[in-house]
1. Can you run down the residue pairs with Cβ atoms below 8 Å, 6 or more apart or on separate chains, where the first is in the stretch 43-67 and free of Cβ contacts under 8 Å to residues at least 12 places away in the same chain and the partner is among the hydrophobic types (A, V, I, L, M, F, W, C) and part of a loop (DSSP other than H, G, I, E, B)?
2. Anything in the stretch 1-45 that is aromatic (Phe, Trp, Tyr) and under 11 Å from the mean Cα position of the chain (by Cα)? List them, or say none.
3. Where residues in the stretch 1-40 are in contact (Cβ under 8 Å) with a residue 24 or more places away in the chain and among the basic types (Lys, Arg), which of them is farthest from Leu61 (Cα to Cα)?
4. Here are some residues: Asp9, Asp31, Asp14, Asp20. Which one is of a type in the set (Asp, Glu) and crowded, with 18+ Cβ neighbours inside 10 Å?
Amino acid sequence: MSRRIRIADRARNDLDDIWDYIAQRNLDAADAFLDKLQARFPMLARYPEAGRLRQELGPTLRSFPVGEFIIFYRPIPQGIEVARVLRGRRDIERIFRDEEAEGNIEKEDPEVP
């Protein structure tokens with residue numbers, strides 16, 4: 001069965017930022033690392049409970065580490081929504097808290113088929 005993978009706008013921006021940062025030094029390494037990150041998406045869509053539940057950040061939010069980065073995602077019917085991809089050293093709780101306070105956090109879509 002095919003699984004859905006939806007990538008939120010903020011996660012797309014995160015991926016672009018990660019690529020840009022690495023590409024300043026090495027284009028091939030940037031491509032390879034993005035491939036490594038994105039290769040985890042189908043596995044998480046197939047096994048959404050593989051990641052750690054992060055209720056302190058959002059009711060159904062989960063996280064899965066890849067190197068120094070963390071994929072934050074939510075299970076949705078037949079797959080996942082990738083919410084953010086952040087470096088683990090960042091103040092993640094503050095980032096999610098600030099997004100929520102600004103009203104910029106992408107909420108779950110209960111009507112996803």
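Just so you know, all these numbers are worked out from the coordinates, no wet-lab data involved. Since we're looking at a predicted model, the values are computed, not measured. Glycine gets a Cβ as well: all are built from the backbone with ideal geometry, and neighbour counts include every protein chain shown.
1. Pairs found: Leu53/Leu61; Gln55/Leu61.
2. We begin by selecting, within the stretch 1-45, every residue aromatic (Phe, Trp, Tyr); these are 19, 21, 33, 41.
Once the filter is applied, which keeps residues that are aromatic (Phe, Trp, Tyr) and under 11 Å from the mean Cα position of the chain (by Cα), the stretch 1-45 yields only Phe41.
3. Among those that are in contact (Cβ under 8 Å) with a residue 24 or more places away in the chain and among the basic types (Lys, Arg), it is Lys36.
4. Details: Asp9 fails: crowded, with 18+ Cβ neighbours inside 10 Å; Asp31 fails: crowded, with 18+ Cβ neighbours inside 10 Å; Asp20 fails: crowded, with 18+ Cβ neighbours inside 10 Å.
Matching residue, one of Asp9, Asp31, Asp14, Asp20: Asp14.
Residue-wise test of (1) surrounded by 13 or more Cβ atoms within 10 Å (Cβ to Cβ); (2) of a type in the set (Gly, Ala, Ser); (3) over 11 Å from the mean Cα position of the chain (by Cα).
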position	(1), (2), (3)
Pro59	no, no, yes
Arg62	yes, no, no
Ile76	yes, no, yes
Gly79	yes, yes, yes
